[in-house]
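Participant: Handing you this structure, nothing more for now.
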Ligand SMILES: *Cc1c(COP(=O)(O)O)cnc(C)c1O
């Protein structure tokens, strides 16, 4: 164990949980309503292990290959930790089978074809004994109509949610996710996501999650009802230029 890294991560985790608590307090919410996902992409498995030692149980990644190796390493080093891994990044259909082996939740489902591929992947993983429960799914809304950043156009989201809900043996619809548009104030996007989430909940009362907010905007996201913040930089440090 690297004591210095342990102290660093302990300190940043205190800061982030303090920010979450303060943001909740400002709007009269309970911090228990907001999950923290530590986004460990580009950081080594040893950091993920330290985070589990500090009590973090939800870890996020955005690339299948990196995540699958890291999840295996963390499971080998901390078999008792019972970590839930989240896929939060853009996902190609040909990775669905692999993601079904390591992910408890995919937050970035943005097309019918991806939902179909994940259904098949989860079914195969269940049959092979590689997982023992359905995959939790968030449908990702595009709030800026920039297709390169992922997400389903808001107008198509109900149909996508319906398709996920129909596959309930394999996929469990839990809610919505979005990334705020770049270069503008995030509040209007978070407000729009909250209203999209409310509409979906009329059809799917179990879809209560709103995943919104990252290192730079988690405070605003919590003000607009986020139940799940995805934090990388503020916990682990900068990722440098080469990484997304
Ligand atoms: C990398 C990433 C995050 C974390 O971003 P930070 O700004 O480092 O906190 C959150 N969500 C998604 C989808 C990401 O890819």
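Coordinate-derived values only; no laboratory data. As the structure is a computational prediction, the values presented were derived from the model and not from experiment. We place every Cβ from the backbone using ideal geometry, glycine too, and count neighbours over all the protein chains shown.
Participant: How big is the gap, in Å, between the Cα center of segment 87-140 and the Cα center of segment 1-49?
Facilitator: 26 Å
Participant: Taking other Cβ within 10 Å of each residue's Cβ, how do 224, 6 sort, fewest first?
Facilitator: Arranged by neighbour count, lowest to highest, 224, 6 become 6, 224.
Participant: I need two numbers for segment 7-73: Rg to one decimal and Dmax as a whole number, Cα atoms only, in Å.
Facilitator: 13.5, 40
Participant: Oh, and also: Taking 37 °C and 0.692 mPa s as the conditions, I'd like the Stokes-Einstein D for segment 3-234 in µm²/s, using the Kirkwood hydrodynamic radius from alpha carbon pairs.
Facilitator: Roughly 184 µm²/s, to the nearest whole number.
Participant: Which residue, 50, 122, 137, tops the fluctuation ranking in a GNM of the chain built on C-alpha contacts under 10 Å?
Facilitator: Highest fluctuation among the options: 50.
Participant: Please work out the Cα convex hull volume for segment 35-82 and give it in Å³ per residue.
Facilitator: Convex hull of Cα atoms, per residue: 66 Å³.
Participant: Over segment 3-234, what relative contact order in percent results from Cα pairs under 8 Å that are six or more residues apart?
Facilitator: Relative contact order for segment 3-234 comes out at 18 percent.
Participant: Using the count of nearby Cβ atoms within 10 Å as a rough guide to exposure, how do 202, 120, 41 rank from fewest to most? Mind showing how you got there, number by number?
Facilitator: On the way: 202 9, 120 15, 41 19.
Going from sparsest to densest Cβ surroundings: 202, 120, 41.
Participant: Sorted from fewest to most neighbouring beta carbons within 10 Å, what does the list 8, 159, 209 look like?
Facilitator: Ordered from fewest to most neighbouring Cβ atoms within 10 Å, 8, 159, 209 come out as 159, 8, 209.
Participant: What full-extension length gain, to one decimal in nm, is calculated for residue 201 and residue 25 as 0.36 nm per residue of separation minus the Cα-Cα distance?
Facilitator: Using 0.36 nm per residue and subtracting the Cα-Cα distance, I get 60.9 nm.
Participant: Per the helix-only calculation at 222 nm, which mean residue ellipticity applies to the chain, given -39500 (n - 2.57) for every DSSP H run of n ≥ 4 and division by its residues, nearest 500 deg cm²/dmol?
Facilitator: Computed ellipticity for the chain at 222 nm equals -13500 deg cm²/dmol.
Participant: Please report Rg over Rh for segment 39-161, where both radii come from the alpha carbon positions and Rh follows the Kirkwood definition. It would help to have the intermediate numbers written out before the result.
Facilitator: Numbers: Rg = 14.7 Å, Rh = 14.9 Å.
Looking at segment 39-161, the ratio lands at 0.99.
Participant: Any chance you could list the semi-axes, whole Å, largest first, of the equivalent ellipsoid that the Cα gyration tensor gives for segment 92-185, using √(5λ)?
Facilitator: In descending order, the three semi-axes are 25, 13, 11 Å.
Participant: Let me ask something else about it. Taking a virtual spin label 7 Å from the Cα of residue 133 along the C-beta vector, which residues in segment 101-119 bring their backbone nitrogen under 12 Å of it?
Facilitator: Hits in segment 101-119 for residue 133 at 12 Å: 104-105.
Participant: Equivalent-ellipsoid semi-axes (√(5λ), Cα gyration tensor) for segment 133-240, whole Å, largest first?
Facilitator: Ellipsoid semi-axes (Å, largest first): 24, 16, 13.
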